Amino acid sequence: MHREIIVAPSVLSADFYNMPEEINSIKEAGAEWIHLDVMDGQFVPPITFGSKMVADLRPHTGLVLDVHLMTANPENQVESFAGAGADYITFHSEAHIHAHRLVQKIHGLGKLAGVSIVPSTPVSAVEELLPGIDLVLVMTVNPGYGGQELIPECIRKIAALAGLREALAKERGPGWKGFLISVDGGVNEKTAPLVRDAGADVMVAGSAFFTAADKAGLVRTLKGGPSGQQ
Ligand code: DX5
Ligand code: ZN
């Protein structure tokens, strides 16, 4: 069965001084989502940006704003990111005990909810959330920095999630909306086939996208089509 692969360039690797051009290059290249890495200096050492970044981008793009909260106490952040105009709000399973309640809170704010797992967290940590979640973000590097190499051992977690989704779809029937499997960290033209074959729907790409000479070609490659590059 052919499924549509979504590409989500991560602005972590963008030049913040040239944001209008960087955002435009995402749209021009044919990517559908903008991935926004929010780091607080607590959950991960670096600090990036807060909800103002989302609020400032929102009026200028119709692309899906995919917020990845790498923050401690994500429950304190979701209102401001929802108000800023995020479409997806993804928090880390490791950062919040009452994940089920936080998913409900995000839905109550009218937003799509995602949960993420770092490389050392098993899929079983989020299994109980799967019936009601919109997205699971599998981190294939340890979070905090762009430009790292994908950890191959994480790929089987994508396949495990795809298997659980298939089982749930059978159990719940056609009324069940399902969830997307997003992959974040070290995704490039070499690793994309591996994560795609494992069952990923969303390819997050930071350094690969912003260093690509032919961004449209890269997006086509990540989606599984011909790159268009010679
Ligand atoms: C890392 C971030 C990623 C990062 C990916 O903690 O969550 O979204 O931007 O960067 P690359 O694609 O360079 O590995
Ligand atoms: Zn991310």
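The values are calculated or read from the model by the stated rules, or taken from the named source; none is laboratory data. In this text the structure is predicted, and so the values were computed from the model without any measurement. So basically every Cβ, Gly included, is an ideal-geometry build from the backbone, and we count neighbours across all protein chains shown. Accessible surface areas use protein heavy atoms only, side chains included; no ligands, DNA or RNA. Shrake-Rupley method; radii C 1.70, N 1.55, O 1.52, S 1.80 Å.
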With springs connecting C-alpha atoms under 10 Å apart, model the chain as a Gaussian network and identify which of LEU168, LEU112, LEU130 has the largest mean-square fluctuation. LEU168
Give me the percent of DSSP beta bridges within segment 6-223 that run antiparallel, rounded to the nearest 5. 5 percent
I'd like the FRET efficiency for PHE16 and GLN104, computed as 1/(1 + (r/R0)^6) with the beta carbon distance as r and R0 of 22 Å, rounded to 0.05. 0.05
Ordering of 93-106, 6-19 by burial proxy (mean other Cβ atoms within 10 Å per residue, highest first): 6-19, 93-106
Taking the chain as a Gaussian network, where each spring joins two C-alpha atoms under 10 Å apart, which residue of GLY144, GLY41, GLY217 fluctuates the most? GLY41
What distance in nm separates the two pseudo spin-label positions at ARG156 and SER80, each 7 Å out from Cα along the beta-carbon direction? 4.0 nm
Which of the lysines could a cross-linker bridge to LYS190, judged by Cα under 25 Å and excluding same-chain residues fewer than eight apart? LYS27, LYS157, LYS215, LYS223
Among MET53, MET70, what's the order by accessible area (1.4 angstrom probe), most exposed first? MET53, MET70
Estimate the FRET efficiency between THR121 and GLU189 by the formula 1/(1 + (r/R0)^6), using the beta-carbon distance for r and 35 Å for R0, to the nearest 0.05. 0.80
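To the nearest whole percent, what portion of all C-alpha pairs in segment 14-83 is separated by more than 20 angstrom?
Summing the P(r) tail past 20 Å for segment 14-83 gives 30 percent.
Hey, with R₀ at 35 Å, roughly what FRET efficiency would PHE49 and ALA213 work out to, going by the Cβ-Cβ distance, to 0.05? The partial results should precede the final answer.
Numbers: r = 27 Å, r/R0 = 0.77.
Efficiency, rounded to the nearest 0.05: 0.85.
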Rounded to whole Hz, the Karplus (6.51, -1.76, 1.60) HN-Hα couplings of segment 106-112, x for glycine and proline: 5, 5, x, 8, x, 10, 7
Expressed in angstrom, Rg and Dmax over the Cα atoms of segment 48-169 are 14.5, 41
Quick one: in the chain, what % of C-alpha pairs are over 33 Å apart? 10 percent
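Using the heavy atoms of the protein chains and a 1.4 angstrom probe, tell me the accessible area per residue for segment 101-143 in square angstrom. Mind showing how you got there, number by number?
On the way: 1580 Å² over 43 residues.
In whole numbers, segment 101-143 has 37 Å² accessible per residue.
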